[in-house]
Amino acid sequence: MVETVHEAFLVEGVRLAVTKECVARVGGPGSHEGNGGARVAFHAQRIMLHIMYEVPSREDIAEVTINRAVVEGKKASLIRKKQDKTRPNGLRPKLRT
């Protein structure tokens, strides 16, 4: 599942980063039992569903990171935006006081 989403994101020019904590949490206890594969697929789909729809609709996303807090439902996926190409290095002008 992750590999499929990763490949789809690459087509859009977006990198998918999944932390080791995330993988361990999704594939935790019970994943080695008979229903482990289905359990992992269910959680992966639940976690990435909104991202799979959001990425193609936006051109400003450079990277999506999924970590333990995302798996536990405490936070949304971390989205890093592409740098603003109208200014060098994406920097905003400083305001003079």
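The values are calculated or read from the model by the stated rules, or taken from the named source; none is laboratory data. Keep in mind that what you see is a predicted model, and the values were worked out from it rather than measured. With ideal geometry, Cβ positions are generated from the backbone for all residues, glycine too; neighbour counts draw on all protein chains shown.
At-a-glance table
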| item | result |
| --- | --- |
| Count of residues meeting criterion [surrounded by 12 or more Cβ atoms within 10 Å (Cβ to Cβ), part of a helix (DSSP H, G or I) and either at pLDDT below 85 or not basic (Lys, Arg) (or both)] in region 39-70 | 17 |
| Flag if Leu16 is at pLDDT 75 or above and more than 18 Å from Arg80 (Cβ to Cβ) | no |
